[in-house]
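Peer 1: Pasting a structure here, questions to come.
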Amino acid sequence: MPLVVVGAVLAAGPSLYNNLAFLTTLTIYILLAQGVNIVYGFTGYLPFGFVGFFGAGIYGSSLAIVYWHVGGYAAIGLGALTSVVAAVIVSPLLRLSGAYFALATLAASQALYFIVANESWTFGESGMSLPLLFSPTALYVLSVVAVVLTLVVVVYVRDSHFGLSLRAIRSDAVSAAMAGVNVVRTRTIAWLVAAALAGVAGALWALMTSAFYAETPFDLTISVYAIVFALFGGVRTVIGPVVGAVVLYSLYQYIGISNPQYFELIYGLLIVVLVLFLPGGLTSLVGGRGDRPAWWNRVVRRRSAPEVTP
Amino acid sequence: MRLFEYALVSGVLYGLFYGFIGVGLNLLFGVMRLVNLAHGDLVVWGGYLAYSLTTSAHVNPLWAIPLSIPLALVGGLILYLITVPRLRRAEDTETSSLILFFGVSQVLVALATMKYGTNQVTLPELGNPVMIFGQPYAASLVASAALAVPALALFYYYLYRTRLGLATRAVMANEEEAVASGVRVRRVATSAFVIGIAFAAAAGPLATFMLGGINPTTGGGLTITAFTIIIIGSLGNPLGTAAGGILYGLASSLTQAYAAPWTGMVPYALLLAVVLLRPSGLFGRRVRVA
C-alpha cells in the first residue's frame, strides 16, 4: 500500500513541482535515509559516517565510467559494489558500541575522503568530470524505481524473519544469540544492505552531477541530513524516512539555500525537540504501530510480526 | 634535525592545549555517557568572547578566560536542566545524546554565523616570540601551553582531591553502587556537566591563538579531535587525556612537518587505530567492546 502511494506521488512529482534536479536529489536523500533506517532503526548502530558509503558509491561509479567506459546501469551496479566492499572493510567497527561506533565510522569516512582528495588517480586535485549518460528525466525515472525497490527491501526487513532477528538483536543481543540468532551475520547483512543503498544513491548522484570535487561527496552534513530525515519521519517504519526526507528537504529548498544559517538554526532546534519529545518521529503521531495506523490494521486485519520489546 | 626538533617542541605545546580541550569532554562522557558533540562549538564560543572583548574593550584577550567561566556555568546549568533529565530516560541515552548535542551544535554554529559572519576571526599576537632550544615559538603558543598546565592540574585536583571528585569517580565507576553508598548522583552529575562545559569555554580564547583564528565551523573538527584524545587517553582519566593530547599534538605536528597534505587525516587515523586495537585507550583498565 505505502509502496504504491510513494511510487505514484514521486511519479507525479514533476507535474507538481517542475525542478528535476531538486526531485532527483530528494529521491537520493530518501535512499540514504532508508539506509540509515536499516542500520540505525533496525540494529541500533548510529552510522555517523554513512556519507562514506555515499562517497564510495560516487567514486566507484565515476571511476568505472572514466577508466572502463561502462554504461550507466553498470556504473550504478559498480557504485553499489564499491560501497559494499567499503562496508566489508570497515565491518570490524561493528564490534564497537554506541558513541565509539558512531565516531569510528565518521573517522573512517573522513579518512576515505583524505585518500580520495589527495590521490591523483581519483582526480583529487583536478576534480571529476563525467559524460552525461542519462537525460535528467531518465535519471529521475531511474531514481524513482530505485526508491520503490528500496521500499520493497525495507518492507521485507520489517516484516520478515530476518527483520525479527534484527529487532531481537537490537533489544538484547545476548538473549537473541541464545535464542539461536546468528548475531554477527544478521547484523553484517543489514550493514551491507544499507551500504549498497548508499552506493546506489551515490551512483545516481554522480550521474546527475557529472562534475565535482571530493569535498561534496564526503560532506558530513549529508550523513547528518540522512540521519535527521530518518529520525524525523520515524525509524523502524517504511514510510517514515520518506516523509522525513520530503518534508525537511523541501524546507531546505525553501529557506536553506538562500539563508543557510536560519535553516541550520531551525534544524538544530528541531533535532533537540525531536530527541526530547518525539523520539518516535512524525509517524509515531499517527498512532498504531510504526507506519501502520490503528485504523489500517483494523481494516485489513493484517497479521504482523510480533513486536519485540526490551 | 632542526625541523624535527621544532615539530617535537610545538607538538608538546599543542598537545597540552589539546589536553585542556579534552578534559571537559572526558568528564561529561565518563560520568553520564553523554556524547557532547557541541563541545568544540562551546570552545569556539569561548574564543568569540575573547574576540569581542579585544575588539570592543581593547583588553588582553586572556581576560576572557575568567569571564567565560561564570557564563559557561550558568549556560551549562540551563542546558542541563532542559536536556539531561529527559535524556536519561531515553531508551539509548548515549546515542540519543549524540544526536541531541549535534542539534545543540547546529544551533551554536547558526548563532555564531549570524553574529560574527563566516569569516575567520583572529586575535592580536601577545608579544615577541619565545626562544626554546634556540628556535622561536609564537608567544601565544607558549602562553596557551603554560595556561593549560594549571588548568589540567586544577582538573586533577577536583577529581582526586575533593569530596565532589571522589563522588564523581564513584559515579563513573558504577552509578548504581554509588547511589547505594549514598552518593547524590543527580548533584554530582549536574556539577560534572557544568564543570565540563566551563572547561570547554575557558579553552576557547587559547583555541583562537592555537588554530590561527576561528570561524563558526571550527567547532566540528575540534570535537572530533577532542574525542580522539579522550579515547586515546582512556575515559575518566585526566592524566590520560593530557598524555593523549600530547601524543596527538606530536603526531599532528610531525605530519605537518613531513607530509603536510595528510595533516587533516591524523585525528581520524589515530581514532580508528585506537578504537580497533585498544578500545580501552592507552591508560585504561576496563575494555569496553560490544
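Peer 1: Identify, from the list B:PHE209, B:PHE193, the residue that is crowded, with 24+ Cβ neighbours inside 10 Å, out of contact with any Asp or Glu (no Cβ under 6 Å at 6 or more places or on another chain) and more than 29 Å from B:VAL84 (Cα to Cα). Quick ask: steps written out before the conclusion?
Peer 2: Values: B:PHE193 fails: more than 29 Å from B:VAL84 (Cα to Cα).
Residue meeting the stated conditions: B:PHE209.
Peer 1: Between B:VAL171, B:VAL121, which is crowded, with 17+ Cβ neighbours inside 10 Å and under 23 Å from B:LEU239 (Cβ atoms)? It would help to see each step written out before you state the result.
Peer 2: On the way: B:VAL121 fails: under 23 Å from B:LEU239 (Cβ atoms).
Result: B:VAL171 is the single residue among B:VAL171, B:VAL121 that is crowded, with 17+ Cβ neighbours inside 10 Å and under 23 Å from B:LEU239 (Cβ atoms).
Peer 1: Still on this structure, please answer the following. Tally the residues that are within 14 Å of chain A (Cβ to nearest Cβ) and either part of a helix (DSSP H, G or I) or among the acidic types (Asp, Glu) (or both), restricting the search to the stretch B:72-130. Give the steps one after another, and end with the answer.
Peer 2: Step one: list which residues in the stretch B:72-130 are within 14 Å of chain A (Cβ to nearest Cβ), which gives B:78-119.
Keeping just the survivors that are either part of a helix (DSSP H, G or I) or among the acidic types (Asp, Glu) (or both) gives B:78-88, B:91-116.
Selection size over the stretch B:72-130: 37.
Peer 1: Moving on. With respect to A:LEU94, is the statement that it is more than 9 Å from chain B (Cβ to nearest Cβ) and in contact with a helix residue (DSSP H, G or I) (Cβ under 7 Å, 6 or more places away or on another chain) true?
Peer 2: Numbers: more than 9 Å from chain B (Cβ to nearest Cβ): no; in contact with a helix residue (DSSP H, G or I) (Cβ under 7 Å, 6 or more places away or on another chain): yes.
Here the answer is no, as A:LEU94 does not meet what is asked.
Peer 1: Among (1) over 28 Å from A:THR283 (Cα atoms); (2) buried (at least 20 other Cβ atoms within 10 Å of the Cβ); (3) of a type in the set (A, V, I, L, M), which single condition is A:VAL235 missing?
Peer 2: Among (1) over 28 Å from A:THR283 (Cα atoms); (2) buried (at least 20 other Cβ atoms within 10 Å of the Cβ); (3) of a type in the set (A, V, I, L, M), the lone unmet condition for A:VAL235 is (1).
Peer 1: Let me ask something additional. Pairs only if they're at least six apart or on different chains, beta carbon under 8 angstrom, first in the stretch B:201-229 and facing chain A (nearest Cβ under 10 Å), second acidic (Asp, Glu); list them, first residue then second.
Peer 2: That search, which allows pairs on different chains as well, returns B:GLY220/B:ASP41; B:THR223/B:ASP41.
Peer 1: If you check every pair at least six apart or on different chains, which have Cβ atoms under 6 Å apart with a residue in the stretch A:19-47 that is farther than 13 Å from A:VAL147 by Cβ first and a residue that is surrounded by fewer than 24 Cβ atoms within 10 Å (Cβ to Cβ) and of a type in the set (S, T, N, Q) second?
Peer 2: A:PHE22/A:GLN253; A:LEU46/B:THR95
Peer 1: Here's another thing I want to ask about it. Every residue in the stretch A:43-79 that is assigned to a loop (DSSP other than H, G, I, E, B), aliphatic (A, V, I, L, M) and surrounded by 22 or more Cβ atoms within 10 Å (Cβ to Cβ), please.
Peer 2: Kept after step one, since they are assigned to a loop (DSSP other than H, G, I, E, B), are these residues of the stretch A:43-79: A:44-50, A:69-71.
From the residues that got through so far, the ones that are aliphatic (A, V, I, L, M) too are A:46, A:70.
If the condition is that a residue be assigned to a loop (DSSP other than H, G, I, E, B), aliphatic (A, V, I, L, M) and surrounded by 22 or more Cβ atoms within 10 Å (Cβ to Cβ), then A:LEU46 is the only one that fits.
Peer 1: Starting from the stretch A:238-257, keep only residues that are within 11 Å of A:TYR29 (Cβ to Cβ), then list their pairs with residues that are not in a helix (DSSP H, G or I) whose Cβ atoms are within a distance under 7 Å, requiring at least 6 positions of separation or different chains.
Peer 2: Matching pairs, first to second residue: A:GLY244/A:GLY281; A:GLY244/A:LEU282.
Peer 1: While we're here: I'm told B:LEU239 meets every condition in (1) in a helix (DSSP H, G or I); (2) over 17 Å from A:LEU112 (Cα atoms); (3) modelled with pLDDT under 85; (4) within 13 Å of chain A (Cβ to nearest Cβ) except one. Can you identify the failing condition by its number?
Peer 2: (4)
The values are calculated or read from the model by the stated rules, or taken from the named source; none is laboratory data. Source: prediction; values computed, not measured. Don't worry about glycine lacking a Cβ; one is built from the backbone with ideal geometry, like all the others, and counts go over all protein chains shown.
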